[in-house]
Each structure stands twice: as structure tokens, then as C-alpha cells.
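**Q** This is the structure I have questions about; it appears just below.
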Amino acid sequence: MTAARAPRRLLVTGGAGFIGSHYVRTLLGPGGPGALRVTVLDKLTYAGVPANLDPVRDDYRLAFVHGDICDRPLVDRLAAEHDEIVHFAAESHVDRPLHDPDAFVRTNVLSTQTLLDAALRHGIRVFVQVSTDEVYGSIDEGAWREDATLAPNSPYAAAKASGDLFALAAHRTHGLDVRITRCSNNFGHRHFPEKLIPLFITRLLDGAEVPLYGDGLHVRDRLHIDDHVRGIDLVRTRGRASEVYHIGGGTELTNRELVAPLLAETGADPSLVRHVPDRKGHDRRYALDWSKAHDELGYRPRRTFATALSETVRWYTTHRTWWEPLLPPHTTLPHTPRGSGPMTVIHGLDGPLTGGRPVTANGMPHREDPAPEQAGRGADPFALPSREPELTGART
Ligand SMILES: NC(=O)c1ccc[n+]([C@@H]2O[C@H](COP(=O)([O-])OP(=O)(O)OC[C@H]3O[C@@H](n4cnc5c(N)ncnc54)[C@H](O)[C@@H]3O)[C@@H](O)[C@H]2O)c1
């Protein structure tokens, strides 16, 4: 008789955020690998939304730790109890560090090093560093391959690039199995309403003006979160140590081209689009060559942009209880009539986007396995207040 293999134990940082929570919901959802345990470590900053984990909160394989990845003793304790780390936690909004770069260096650089140190000390088998195409700067034509020079232009991108370099150094110096993913611009449901697509959707649904930076000709490759999390898991399970993999969406659009379907899907009037001065250091174009992930891992985006966008708009239309509490108070003011004054909001620059959520933290470690008949409906694994009705069709 052979002994049953123990399930893999994954530590997922930033698992209450947009992409991290989708990754966790996907891993624990139907079609996920099944035999694994997931611990989410999340500080619940303004961008961490406990309700993002509601669809899996009763899953006995999930534990939630409310904590900071900069907390060395905590990270150390957690690393000792896990086999792999998938590192999403970051300050992720590119506009914010223009005003407060320190938090970006702390979270995106220093704490990445804290995690790497703990991973080394406790023999973590795989460390996946989730990064971004923004580390390469801007590209007029063609697409970056994984060996392109890092040339970040914003404090956010510089901090992410530094985190990547520390991760690669941990491999070269100590042999830690580090794998890096760099992806293009994600979209999908539960995207915090400070980023372009959810900001536009939520404002247009309210009949409010939306800000379009500069001439609106900045180009981004749009990647649906279903494709992104699938790509990340391919890298985790099939990737090679010290390799960088690009995960792209295959739909390049200027922001102007993006606005047209957003107006159509929300039924909003085109006069609501207001051109505002460009952001400082706004990169013109990002483009990734993801043929390496395709050739080595079998990755290719499956979601069609138009369908996935339509689905995303529908989700925001039917889940106001998720996003309304996340808006700063002034964005809920009635629509400013065109020409009556300056825009009040440009991607959250003029005020903290905090939902002011009360949080009851509950910590590690994983609870004992429930009896089989209790699996999936045991006691609440992390007693955080639910903020929305049960999501139907969480996996888009
Ligand atoms: N959204 C995109 O389009 C995109 C594109 C490329 C790369 N990425 C990268 O993907 C990752 C996830 O992005 P996202 O859009 O889900 O971000 P997000 O802002 O939605 O979520 C970040 C999560 O990290 C948590 N967090 C922040 N600081 C923390 C700390 N010190 N300790 C513990 N938890 C902390 C937050 O509470 C939040 O839950 C980031 O590393 C980001 O750089 C995102």
C-alpha cells in the first residue's frame, strides 16, 4: 500500500486583491487541481477586499491570514508551513506613487526580499513572482521578449523591476527556484474602481464623466484575468527555475478604441468622455511577445475581448454592492454637467480610495481537515464581514 501524497501547501500573498483572489477562487473552484491547501496572506490595504474570497470562504482548504508581507516573523512562520509561494501582494496603482513612492518601495521591493529570505530559510520549492510588462518602459513597435532590457519609467514599474531583480538574484546566489511572470493589462470583475476599465464602467453606469488622459492614443494589450491566472498556474506547475514568462492577452487597443465598447456596453452618452491632461511619465505603448509561454507551457489566451468585456460590464451592473462602498465620497456625487467645471476624479489621484471596511482578522494555521461530510460547509474559515450577496458565476 502506498501512502497518500500530502497536498501541496501554497502561500498566496495579496490574495484578497483583484488578481490574487481570482487565482485563489480558480484554484479552489471546479476544475482546480484539488489536492492542495491555500493560505492567503493579505494586509487588506484599500485594495484588499475580503468579499473577493466569499465564493471560497467556506472551503476547508483555505486559510486567511490578515498580515503584512513586511512582517518578518509572520512571514517566516508561514514560509515554514508551506511548499510554494505565489507572490501577488503589491501596491499596484501606477498613479499613486507619483505622490507617495515610499509605500511602493516598501511593499514591492523590501517585502519581496523578506519573502525571498523566508523562502530560502524554509526550503520553499517554487516561488512565483507576479510582475508586469511595465518594467520594460515603452515600446513604439514590435513586442518585448523576456530578455529585453529593463527600463522602467514610473516609480511603480521601477519598484516592480527591483523586486524581479531581487528574485532572480535569490536564484543565482542561493539556487531558490524563482519563476517570474510579466503580464499585460488585466481586466475582469472585482477590479478595483480606480483602474481605467472599472473606473469608466462604474462612472458611466452612474452617468458621470470619465477622464481620458492626453490624446487617448496610449496602447495597451488587454488580458482577461481568466487567462492571466491560467498562465500563472502554468508557470507554477510547468515553468523552469529562474525563467521569466510573458502572459499576454492578444488584444491591443488604444484607450480611445477601448472607450467605444465601454460606452456601447453601458449605454452611456459619448459626451461623458472628457479629455484631461496626460499623466506624468505616461508610457505610450506596452506589448509582450508571449511565444515562450506558448511554446514551453502551452499558454494562449482563450477569452475573446468583446465577450469578456461585455461580461465584465454586466458584472458591475449587477454588483453595485461590491463597488459602491469602494468609491471615495466625491465620486458618488451626481454627474457634473459638461462644461460646468473641472473633473473631480482622475484615477483616484485626488483622494484616498478607501472603503473604510471594518475587518476582523483571523489567522493561521489551516484548520484540521473536516470530516468529509463537513467539507465545503464547515465553520467560517475567516470571520470577515460579507459585503455582497453570493456571487453567481464567479468564474467568468
Ligand atoms: N492589475 C493589472 O493589470 C496588473 C498587471 C500586471 C501586473 N500586475 C501585478 O499583479 C499583482 C496583483 O495585482 P492586482 O491588480 O491584483 O493588485 P491589487 O491592488 O488589486 O491587490 C493587491 C493586494 O495586495 C495586498 N497588499 C498590499 N500591500 C500588502 C502588504 N504589505 N502585505 C500584504 N498584502 C498586501 C492588498 O491588500 C491587495 O489585496 C501585483 O503584483 C501587480 O503588480 C497587475
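The values are calculated or read from the model by the stated rules, or taken from the named source; none is laboratory data. This structure is a prediction, so every number in the text was calculated from the model and none was measured. Glycine also receives a Cβ, built like all others from the backbone with ideal geometry; neighbour counts cover every protein chain displayed.
**Q** Which of (1) touching a residue at least 60 places away in the same chain (Cβ under 8 Å); (2) within 30 Å of ILE124 (Cα to Cα); (3) more than 16 Å from the ligand (Cβ to nearest atom); (4) not small (Gly, Ala, Ser) is the odd one out, the single condition HIS174 does not satisfy?
**A** Here HIS174 clears every test but (1).
**Q** Could you look through segment 8-29, keep only residues that are polar (S, T, N, Q) and touching a strand residue (DSSP E or B) at 6+ places or on another chain (Cβ under 9 Å), and pick out the one that is farthest from the ligand (Cβ to nearest atom)?
**A** Among them, the one singled out is SER21.
**Q** Residue check: is ALA158 within 15 Å of the ligand (Cβ to nearest atom), of a type in the set (A, V, I, L, M) and in contact with a Lys or Arg (Cβ under 9 Å, 6 or more places away or on another chain)?
**A** no
**Q** Same structure again: Give me the pairs, please: first residue somewhere in segment 189-212 and in contact (Cβ under 8 Å) with a residue 24 or more places away in the chain, second residue anywhere and among the small types (Gly, Ala, Ser), beta-carbon distance under 6 Å, and either six or more positions apart or on two chains.
**A** Within 6 Å, the pairs are PHE192/ALA47; GLU194/GLY348; LEU204/ALA268.
**Q** Would you check if ILE69 is buried (at least 19 other Cβ atoms within 10 Å of the Cβ) and free of Cβ contacts under 8 Å to residues at least 60 places away in the same chain?
**A** So ILE69 fits the description; yes.
**Q** Can you pull out every residue in segment 80-104 that is at pLDDT 95 or above, among the aliphatic types (A, V, I, L, M) and surrounded by fewer than 23 Cβ atoms within 10 Å (Cβ to Cβ)?
**A** ALA80
**Q** Suppose the filter is more than 15 Å from the ligand (Cβ to nearest atom), closer than 21 Å to VAL244 by Cβ and surrounded by fewer than 24 Cβ atoms within 10 Å (Cβ to Cβ); does ARG121 pass it?
**A** Criteria not met by ARG121.
**Q** Given VAL38, VAL49, which one is within 25 Å of GLY163 (Cβ to Cβ), at pLDDT 95 or above and within 12 Å of the ligand (Cβ to nearest atom)?
**A** One residue alone meets the criteria, VAL49.
**Q** Report whether or not LEU78 is within 13 Å of the ligand (Cβ to nearest atom), among the aliphatic types (A, V, I, L, M) and over 18 Å from the mean Cα position of the chain (by Cα). Please lay out each step first, then the result.
**A** Working: within 13 Å of the ligand (Cβ to nearest atom): yes; among the aliphatic types (A, V, I, L, M): yes; over 18 Å from the mean Cα position of the chain (by Cα): yes.
Spelling it out, LEU78 is indeed within 13 Å of the ligand (Cβ to nearest atom), among the aliphatic types (A, V, I, L, M) and over 18 Å from the mean Cα position of the chain (by Cα).
**Q** Follow-up question, since we're still on this one. Looking only at segment 141-180, which residues are at pLDDT below 95 and either in a strand (DSSP E or B) or aromatic (Phe, Trp, Tyr) (or both)?
**A** Passing the criteria: only TYR156.
**Q** Out of (1) within 26 Å of ARG284 (Cα to Cα); (2) among the hydrophobic types (A, V, I, L, M, F, W, C); (3) more than 21 Å from the chain's Cα centre (by Cα), what's the single condition that is false for PHE200?
**A** (3)
**Q** Still on this structure, I have one more. Any chance you could count how many residues in segment 121-140 are outside any loop (DSSP other than H, G, I, E, B) and over 18 Å from the mean Cα position of the chain (by Cα)? Give the steps one after another, and end with the answer.
**A** Quick first cut of segment 121-140, residues outside any loop (DSSP other than H, G, I, E, B) only: 121, 126-136.
From what's left, over 18 Å from the mean Cα position of the chain (by Cα): 121, 126, 136.
Residues in segment 121-140 being outside any loop (DSSP other than H, G, I, E, B) and over 18 Å from the mean Cα position of the chain (by Cα): 3 in total.
**Q** Scanning segment 129-144 for residues that are within 20 Å of LEU234 (Cα to Cα) and in contact with a Phe, Trp or Tyr (Cβ under 7 Å, 6 or more places away or on another chain), which turns out surrounded by the fewest Cβ atoms within 10 Å (Cβ to Cβ)?
**A** The qualifying residue surrounded by the fewest Cβ atoms within 10 Å (Cβ to Cβ) is ASP133.
**Q** Something else about it: Given the criterion touching a Lys or Arg at 6+ places or on another chain (Cβ under 7 Å), among the charged types (D, E, K, R), closer than 25 Å to LEU326 by Cβ and within 7 Å of the ligand (Cβ to nearest atom), identify the matching residue among ASP68, ASP58.
**A** Residue meeting the stated conditions: ASP68.
**Q** Also, quick follow-up: Looking at the structure I just gave you, is VAL49 hydrophobic (A, V, I, L, M, F, W, C), in contact with a Ser or Thr (Cβ under 8 Å, 6 or more places away or on another chain) and touching a residue at least 24 places away in the same chain (Cβ under 8 Å)? It would help to see each step written out before you state the result.
**A** Numbers: hydrophobic (A, V, I, L, M, F, W, C): yes; in contact with a Ser or Thr (Cβ under 8 Å, 6 or more places away or on another chain): yes; touching a residue at least 24 places away in the same chain (Cβ under 8 Å): yes.
Answer is yes for this residue.
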